[in-house]
Amino acid sequence: MAPGAGRAQPRSVSGRWVLHLDMDAFFASVEQLTRPTLTGRAVLVGGTGPRGVVAGASYESRVHGARSAMPMSRARRLVPGAVVLPPRLAVYRAVSERVFAIVRELGGAIEQVAFDEAFVEPVELTGAGPEQVEAAAQELRARIREATGLAASVGAGSGKQLAKIASTLAKPDGVRVVPHGTERELLDPLPVRKLWGVGPVAETTLHRVGVDTIGALAALRPAEVTTLLGTAIGTELHRLAQGIDHRPVAERGEAKQVSAETTFDADLSDLDSVHRAVAEMTEHAHRRLIAAGRAARTVTVKIRGADFATRSRSETSATASTELAALAGAARRLTESALPPSGVRLIGVSLSGLTDYVQEQLFDTVSPPHAHAEPAAARPDPTAQPDGAGSAPDPPGRAGRGWRAGDDVSHAVHGHGWVQGCGHGRVTVRFETRRSGPGPVRTLAADDPELSAADPLASLD
DNA sequence: TCTGGGGTCCTAGGACCC
DNA sequence: TCTGGGGTCCTAGGACCC
């Protein structure tokens, strides 16, 4: 008798409810929140350079076809009136922390997947009915909206996969609960690409053998799936397609790798620039390594050439190091063997094989006399932002020279604002924050002594 | 229309050890 | 004189996620 004959119900853990919370158009919504003139307008957040990519698109710009991961140049053509802004990760992180503080109040396990996304398995929902789950989800959304002013969508089901699919169906600004026992009804007709873990390659592979829907994937024999997709992934995806998903909701552990990479506006063609860039990326990654209180055994250099092919070279030493000189030396040694035949488009440095370490000396000179028992340096805060990317105000010296659209500024008279545009020695600033509501625009001399760079977080209040 | 930056996990081959 | 078998670690590449 074939296993699964008679199309057995998914053997869900009885009464289990997993919620997936997903903030709506998160990056763009935070921009609209903290820069109120943008509310209702098409906003694109992402790289503003020639090779930039969209990281967030407001619903007003999605109407015209703009999407995350799309080249910014293309999105700009699709949405000519869009306001294009560089990401302000520090602000998104701060909002994210407020959101998940509220989610934590539900109790039970939380698994944060991204700034704007998490699985939750609230204890008090075990054994609940769909109506009760729906009410809890609505309540959660209302609390988030009240505390942050932002819309979240929530999906609920018997496992993570179902919850995740449900939250995308709930968008925008909604709730979708998939009652136990109705999993296959929902999954079967969906395109196979909707499964978490099926990307462009797996999709093509499955299409080639005529498998277009999740139901069709579920109907294959296990051996067929593993032949097509590999043992580990194939086995897992086949189970998920059948609605079987017992994966626990679990807190993420410590990072296993820290990396920094950059894509150049124009390809590099001389070795000196390449070495300089590798050194810079190593320093960047190293800063975050130290901030996280960790040491690394393995250094990996990644270089992408003009042909877009990626080469990586790595070196592992016997002991983990926190020494910049040692890590940078390894990176430099690895660089030349990873050079592409043509120009260099991207350089990345990754530090892995991470271990905790105790910072011994760093604070001796600044510690108060009685701080000898202070162990804080050895206990990295996993939620702390290692490098504070974007959180620190720009270094002095920016004022009067290179304002860029999207910069946060402060003016002695007009208060907090953001740069809408600049050029010809002038800078146009919109003076507003979340609290102020839509504010006035002023054009000032770029070197106005009363104008200075400001902490982006000030726009939240 | 050319394709970011930060991650996680899987695969496959080879070295090395017992 | 002929090809073991299991296990771990390292390296390189790639798929996938947001």
Check your understanding: Filter the stretch A:40-56 for residues that are touching a residue at least 60 places away in the same chain (Cβ under 8 Å) and farther than 17 Å from A:Leu89 by Cα; which is farthest from DNA strand C (Cβ to nearest atom)?
Key -> A:Pro50
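Would you tally the residues in the stretch A:103-112 being outside any helix (DSSP H, G or I) and either crowded, with 21+ Cβ neighbours inside 10 Å or of a type in the set (A, V, I, L, M, F, W, C) (or both)?
Of the residues in the stretch A:103-112, the ones outside any helix (DSSP H, G or I) are A:105-112.
Now restrict to residues that are either crowded, with 21+ Cβ neighbours inside 10 Å or of a type in the set (A, V, I, L, M, F, W, C) (or both): A:106, A:109-110.
Going through the stretch A:103-112 one residue at a time, the tally reaches 3.
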Practice item. Please determine, by comparing only the residues of the stretch A:310-331 that are among the hydroxyl-bearing types (Ser, Thr, Tyr) and assigned to a strand (DSSP E or B), which one is farthest from DNA strand C (Cβ to nearest atom). Key: A:Ser321
Check your understanding: When both residues are 6+ apart or on different chains and their Cβ atoms are under 6 Å apart, which pairs have a first residue that lies in the stretch A:307-323 and is modelled with pLDDT of 95 or more, and a second that is near DNA strand C (Cβ under 8 Å from one of its atoms) and not in a strand (DSSP E or B)?
Key -> A:Arg311/A:Ala338; A:Arg313/A:Leu334; A:Arg313/A:Ser337; A:Arg313/A:Ala338; A:Glu315/A:Leu334
Review point. Name the pairs whose Cβ atoms lie under 9 Å apart, with the first residue in the stretch A:289-304 and in a loop (DSSP other than H, G, I, E, B), the second crowded, with 21+ Cβ neighbours inside 10 Å, and 6 or more positions between them or separate chains?
Key: A:Ala292/A:Val258
Exercise for review: Working only within the stretch A:220-234, note down all residues that are more than 32 Å from the chain's Cα centre (by Cα) and surrounded by 16 or more Cβ atoms within 10 Å (Cβ to Cβ).
Suggested key: A:Leu220
**Study point:** Selection from the stretch A:92-112 of residues that are within 16 Å of DNA strand C (Cβ to nearest atom) and within 18 Å of A:Ala147 (Cα to Cα)
**Key:** A:Tyr92, A:Arg93, A:Val95, A:Ser96, A:Glu97, A:Val99, A:Phe100, A:Val103
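Here's the yes/no breakdown for (1) at pLDDT 95 or above; (2) of a type in the set (S, T, N, Q); (3) in contact with a helix residue (DSSP H, G or I) (Cβ under 6 Å, 6 or more places away or on another chain):
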residue	(1), (2), (3)
A:Gln9	no, yes, no
A:Asp24	yes, no, no
A:Ser29	yes, yes, no
A:Gln32	yes, yes, yes
A:Leu38	yes, no, yes
A:Leu44	yes, no, yes
A:Gly56	yes, no, yes
Practice item. Within the stretch A:257-288, work out how many residues are closer than 19 Å to A:Ser350 by Cα, of a type in the set (D, E, K, R) and free of Cβ contacts under 8 Å to residues at least 60 places away in the same chain. Key: 3
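Return the residues of the stretch A:127-144 that are more than 17 Å from A:Leu21 (Cα to Cα) and among the acidic types (Asp, Glu); say none if nothing qualifies. Before you say what the answer is, go through the steps one by one.
Kept after step one, since they are more than 17 Å from A:Leu21 (Cα to Cα), are these residues of the stretch A:127-144: A:127-129, A:131.
The answer is A:Glu131, and nothing else.
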**Study point:** Residue check for A:Pro189: assigned to a loop (DSSP other than H, G, I, E, B) and more than 16 Å from DNA strand B (Cβ to nearest atom)
**Key:** yes
Check your understanding: Does A:Ser259 count as of a type in the set (Ser, Thr, Tyr) and either within 27 Å of the chain's Cα centre (by Cα) or within 15 Å of DNA strand C (Cβ to nearest atom) (or both)?
Key -> yes
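For the stretch A:201-216, does any single residue satisfy the condition of being within 26 Å of A:Ser14 (Cβ to Cβ), more than 16 Å from DNA strand B (Cβ to nearest atom), modelled with pLDDT of 95 or more and not in a loop (DSSP other than H, G, I, E, B)?
Yes, the stretch A:201-216 contains at least one residue that is within 26 Å of A:Ser14 (Cβ to Cβ), more than 16 Å from DNA strand B (Cβ to nearest atom), modelled with pLDDT of 95 or more and not in a loop (DSSP other than H, G, I, E, B).
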Practice item. Starting from residues that are hydroxyl-bearing (Ser, Thr, Tyr) and either surrounded by fewer than 17 Cβ atoms within 10 Å (Cβ to Cβ) or assigned to a helix (DSSP H, G or I) (or both), keep the ones in the stretch A:113-167 and report whichever is nearest to DNA strand C (Cβ to nearest atom). Key: A:Ser167
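Looking at A:Ala291, A:Ala306, which one is in contact with an Asp or Glu (Cβ under 7 Å, 6 or more places away or on another chain), within 16 Å of A:Ser352 (Cα to Cα), of a type in the set (Gly, Ala, Ser) and surrounded by fewer than 17 Cβ atoms within 10 Å (Cβ to Cβ)? Outline the logic, then answer.
On the way: A:Ala306 fails: within 16 Å of A:Ser352 (Cα to Cα).
The unique qualifying residue is A:Ala291.
The values are calculated or read from the model by the stated rules, or taken from the named source; none is laboratory data. Keep in mind it's a predicted model, so treat the numbers as computed, not measured. Note that each Cβ is placed from the backbone with ideal geometry, even for glycine, and that neighbours are counted across all protein chains shown.
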